[in-house]
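Here's the structure we're looking at; comments come further down.
The values are calculated or read from the model by the stated rules, or taken from the named source; none is laboratory data. What you see is a predicted model; the values in this text were computed from it and never measured. Ideal geometry is used to build each Cβ from the backbone, glycine not excepted, and the neighbour counts take in all protein chains shown. These accessible areas exclude ligands, DNA and RNA; they are computed on the full protein's heavy atoms, side chains included. Shrake-Rupley method; radii C 1.70, N 1.55, O 1.52, S 1.80 Å.
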Amino acid sequence: ASCVQHRLVVRDASSLQLLQLYTCLDQIQYIEWSSDSLFILCALYKRGIVQVWSLEQPAWHCRIDEGSAGLVASCWSPDGRHILNTTEFHLRITVWSLCTKSVSYIKYPKACQQGVVFTKDGRYMAVAERRDCKDFISIFVCSNWQLLRHFDTETQDLSGIEWAPNGCVLAAWDTCLEYKVLLYSLDGRLLSSFRAYEWPLGVKSIAWSPSSQFLAIGSFDEKVRILNHVTWKKITELEHPATIASKKTIVYKEVEKSPTVDTERLSFPPTRELASSLFSTQSKYDISQVPVSLQYVKPVADRANPKVGVGMLAFSADNCFLATKNDNIPNAVWIWDIRKLKLSVVLEQLCTIQCFQWDPCQPRLAVCTGTSRVYLWSPAGCVVVQVPGEGDFQIVSLSWHSSGDSMVLLSKDNFCVCYLEREEV
């Protein structure tokens with residue numbers, strides 16, 4: 001699904017054939033599929049309205065108006081039959097039922113980085129709250145929206161919460177001014193508290209491994225600390241130095257080259273195909289000889305949100321690899337072998353890393369850098385894929401299909417779908 005101004009366009013994922021076209025009341029700011037792909041919500045934040053459309057019954061539609069309370073966020077519950085709307089100033093979360101048309105209210109939600117999270121099985125929801133200048137967490141049962149647990153947290157200014165994939169442990173972390181990660185059980189017991197250091201800026205990013213065995217914490221000191229699920233103690237620190245010295249680490253460096261043009265084929269005016277090949281540069285990977293010095297950017301110290309520390313973390317689907325990005329070295333992706341707890345590969349790009357995401361089915365990483373190329377890494381090696389098309393298609397984000405057979409590549413104004421052929425066994 002994609003939106004163009006006030007129109008919602010639904011296409012077939014394999015052929016991009018147009019299936020449905022819906023018209024909303026105003027410009028669409030956010031869209032989200034229900035878990036069973038039968039409904040899709042469109043949030044019109046400026047109007048405080050959510051419109052819901054059915055794929056099975058195109059004539060059916062639903063409109064939720066928050067009125068004077070306004071709207072700043074909207075999402076589906078895991079069952080795909082309830083919608084959670086957050087009102088302006090985070091006064092409350094309203095839970096709307098599509099089946100019974102009933103309404104429930106959750107008071108005092110906190111405006112933070114990640115304040116509402118569901119367990120992977122969809123049974124429980126955790127909400128970060130702020131009451132009387134103190135942080136709290138409430139855990140709800142999603143089947144009837146009853147409060148299961150309500151407890152205060154030992155945080156100064158709770159920044160975010162995240163469930164482990166198995167749904168047994170909830171991680172909560174404090175503001176960047178206070179290094180603190182708290183781990184709670186489902187019944188609200190504090191299992192462990194982790195603090196790496198005291199005074200400098202603290203936690204910047206967090207990621208659970210798919211098996212729930214590891215919790216990776218990216219910090220402003222350019223290190224990743226990995227906690228184990230038995231004692232919740234640190235098992236290793238992963239550093240991101242500007243010089244790669246280990247001969248066991250493979251450094252893939254992106255290099256550009258101008259295409260060779262057959263002078264005998266030149267004509268005036270040149271054909272469209274020839275003109276595009278004349279002015280486009282091709283890209284490939286070279287393996288660099290260690291030691292390798294990476295491009296290091298010194299952060300501006302007197303500005304808010306400095307570009308420093310590990311801001312992006314992601315585990316591969318098989319738990320074997322961890323991909324990280326250190327914002328001080330914006331052009332590099334670091335890939336760590338979790339089985340050996342060693343740095344395996346560094347991808348050094350020509351431009352700043354915008355986004356990376358693992359294939360949901362196998363250890364294969366897709367990277368984009370704001371250019372018209374997408375980069376793929378797997379244990380077998382690296383490849384650069386040039387997106388065909390006219391004009392300048394700058395990829396700023398990407399998203400894998402759940403099957404791992406294709407991915408959506410997004411620019412500011414367009415999108416395209418990249419299909420990957422599976423090798424025959």
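Of GLN394, GLN357, all but one fail to be touching a Gly at 6+ places or on another chain (Cβ under 6 Å) and more than 18 Å from LEU16 (Cα to Cα); the exception is GLN394.
Just name the residue that is farthest from the chain's Cα centre (by Cα) out of those in the stretch 14-26 that are assigned to a loop (DSSP other than H, G, I, E, B) and loosely packed, with under 14 Cβ neighbours inside 10 Å. Among those residues, the one meeting the criterion is LEU25. Note on the stretch 104-144: residues that are in contact with a Ser or Thr (Cβ under 7 Å, 6 or more places away or on another chain), closer than 26 Å to SER68 by Cα and modelled with pLDDT of 95 or more amount to 4.
Checking the structure you have, find out if any residue of the stretch 191-199 is among the charged types (D, E, K, R), modelled with pLDDT under 95 and open to solvent by 40 Å² or more (accessible area, probe 1.4 Å). Yes, the stretch 191-199 has at least one match. Scanning the stretch 160-174 for residues that are in a strand (DSSP E or B) and open to solvent by 20 Å² or more (accessible area, probe 1.4 Å) turns up just one, GLU162. Inside the stretch 188-229, residues that are within 17 Å of ASP135 (Cα to Cα) and either outside the structural domain of ILE139 (by the TED database) or part of a loop (DSSP other than H, G, I, E, B) (or both) make up a count of 2.
Residue pairs whose Cβ atoms lie under 9 Å apart, sitting 6 or more positions apart in sequence or on different chains, and linking a residue in the stretch 62-84 that is modelled with pLDDT of 95 or more and of a type in the set (Phe, Trp, Tyr) to a partner that is outside any loop (DSSP other than H, G, I, E, B) and open to solvent by less than 40 Å² (accessible area, probe 1.4 Å), are TRP76/PHE39; TRP76/LEU41; TRP76/HIS82; TRP76/ILE83; TRP76/LEU84. Looking at the stretch 273-284, is at least one residue open to solvent by 100 Å² or more (accessible area, probe 1.4 Å), at pLDDT below 75 and not assigned by the TED database to the domain that holds PHE220? Yes, the stretch 273-284 contains a residue that is open to solvent by 100 Å² or more (accessible area, probe 1.4 Å), at pLDDT below 75 and not assigned by the TED database to the domain that holds PHE220.
State which residue is farthest from ASP405 (Cα to Cα) when the search covers only the stretch 350-362 and only residues that are open to solvent by 30 Å² or more (accessible area, probe 1.4 Å) and in contact (Cβ under 8 Å) with a residue 40 or more places away in the chain.
LEU350
Summed over the stretch 205-225, the residues that are under 19 Å from TRP358 (Cα atoms) and either touching a Leu at 6+ places or on another chain (Cβ under 9 Å) or open to solvent by 30 Å² or more (accessible area, probe 1.4 Å) (or both) give a count of 14. Which residue is most open to solvent (accessible area, probe 1.4 Å), if the candidates are limited to the stretch 368-419 and must be touching a residue at least 40 places away in the same chain (Cβ under 8 Å), in a loop (DSSP other than H, G, I, E, B) and aliphatic (A, V, I, L, M)? The selected residue is VAL396. The set of residues from the stretch 294-327 being of a type outside the set (A, V, I, L, M, F, W, C) and open to solvent by less than 90 Å² (accessible area, probe 1.4 Å) comprises PRO299, PRO306, GLY309, GLY311, SER316, ASP318, ASN319, THR324, LYS325, ASN326, ASP327. For the stretch 85-159, the strands (runs of 3 or more DSSP E) that sit wholly inside it and include 3 or more residues that are under 23 Å from the mean Cα position of the chain (by Cα) and surrounded by 12 or more Cβ atoms within 10 Å (Cβ to Cβ) are 116-118, 124-131.
The set of residues in the stretch 175-185 being modelled with pLDDT under 95 and either open to solvent by less than 20 Å² (accessible area, probe 1.4 Å) or aliphatic (A, V, I, L, M) (or both) consists of LEU177 alone.
What number of residues within the stretch 1-13 are touching a strand residue (DSSP E or B) at 6+ places or on another chain (Cβ under 8 Å) and part of a loop (DSSP other than H, G, I, E, B)?
Qualifying residue count for the region: 4.
Taking (1) touching a residue at least 40 places away in the same chain (Cβ under 8 Å); (2) open to solvent by less than 30 Å² (accessible area, probe 1.4 Å) in turn, ASP337 satisfies each apart from (1). Before we move on, is GLN29 surrounded by 14 or more Cβ atoms within 10 Å (Cβ to Cβ), more than 30 Å from VAL117 (Cβ to Cβ) and touching a strand residue (DSSP E or B) at 6+ places or on another chain (Cβ under 8 Å)? So GLN29 does not fit the description; no.
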